[in-house]
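**Q** Quick one: this structure, given as structure tokens, is what I'll be asking you about.
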Amino acid sequence: MAVTSLRTNIGNWQERVDLAASFRWTARLNLHEGVANHFSFAVNERGTQFLMNPNQMHFSRIKASDLIELDAENPKTAEGPNAPDPTAWSLHGAIHRHCPHARCVMHVHSMHATVLASLADSRLQPIDQNTAIFFNRFVIDEHYGGLAFEEEGERCAALLKDPKKTVMIMGNHGVMVIGKTIAETFNRLYYFERAAETYVRALQTGRPLRILSDEIAEKTAQEIEDYPDQATRHLAELKAILDDESSDYSQ
């Protein structure tokens, strides 16, 4: 089917393209977990109808037209062809039902974020600019309960009720990042992994950490939040690279 026809016949086309680009770059940066992780984006005002990747499709192959539209309030929408696995439905469905501020939800088992989630103390200390971005903006799930079936999804959603908490460090599991837009959420996912890597590498030296004061850490986090258009430009540049490579992500 021609791309022009797809744009005519499939709704939320630009959001699909942005989400597909995010999948491709997550794979390129090796932040994915084979075919086991999930991204979603709400497309209605209430945030209950959302786009999600097909069941067990590798991020490096996902195209805009592959994304499935689901309804968090209608479990039957999770029974169609290529519908996401039960853990994806339970986790993302619960968040989109209970957290309307979480328009976009990205969950990965990226290496350094997962290392951080595996420590007895999973706090990300503000030791540089990137780690300071997340000061007072993450919540730690201390009670991993196995695969994210229905009960686990509801429990995780309850931890993200505060709109200021945009990252959930999922103890013994990985990381969940939320945001208002796809660009914002992918940018946050990217920088959280970078921040986690810096912090883990600093811990590996065994030397004392130079931790920023609460005042400077909060000031830095707020300045980054107020910085104009950085997330939008980041994703736009990544899409430009994919376009230069004649990628089929936007088909």
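The numbers here are math on the coordinates, done by the rules we state, and not lab data. Everything numeric here is computed off the predicted structure, so don't read it as measured data. Quick reminder, even Gly has a Cβ in these numbers, built from the backbone with ideal geometry, and neighbours come from all protein chains shown.
**Q** GluC sites (Glu not before Pro) within the stretch 43-118: which are DSSP loop residues with at most 14 other Cβ atoms inside 10 Å?
**A** Here the sparse-neighbourhood loop sites are 45, 73.
**Q** Let me ask you something else. Taking the C-alpha atoms of the stretch 3-244, how large are the radius of gyration and the largest Cα-Cα span, Dmax, in Å?
**A** Considering the stretch 3-244 through its Cα atoms, Rg and Dmax are 17.5, 59 Å.
**Q** Show me 222-232, 128-138, 155-165 ranked by packing, highest mean number of other Cβ atoms within 10 Å first.
**A** The packing order, highest mean first, is 128-138, 155-165, 222-232.
**Q** How many lysine pairs in the stretch 3-244, separated by 8 or more positions in sequence or lying on different chains, have Cα atoms less than 26 Å apart?
**A** Qualifying lysine pairs in the stretch 3-244: 12.
**Q** Taking the number of other C-beta atoms within 10 Å as the exposure measure, put 22, 40 in order starting with the fewest.
**A** 22, 40
**Q** Subtracting the Cα-Cα distance from 0.36 nm times the residue separation, let me have the gained length for residue 9 to residue 36 in nm, one decimal.
**A** 6.8 nm
**Q** Report the calculated FRET efficiency for residue 143 and residue 203 (r = Cβ-Cβ distance, R0 = 30 Å), to the nearest 0.05.
**A** 0.80
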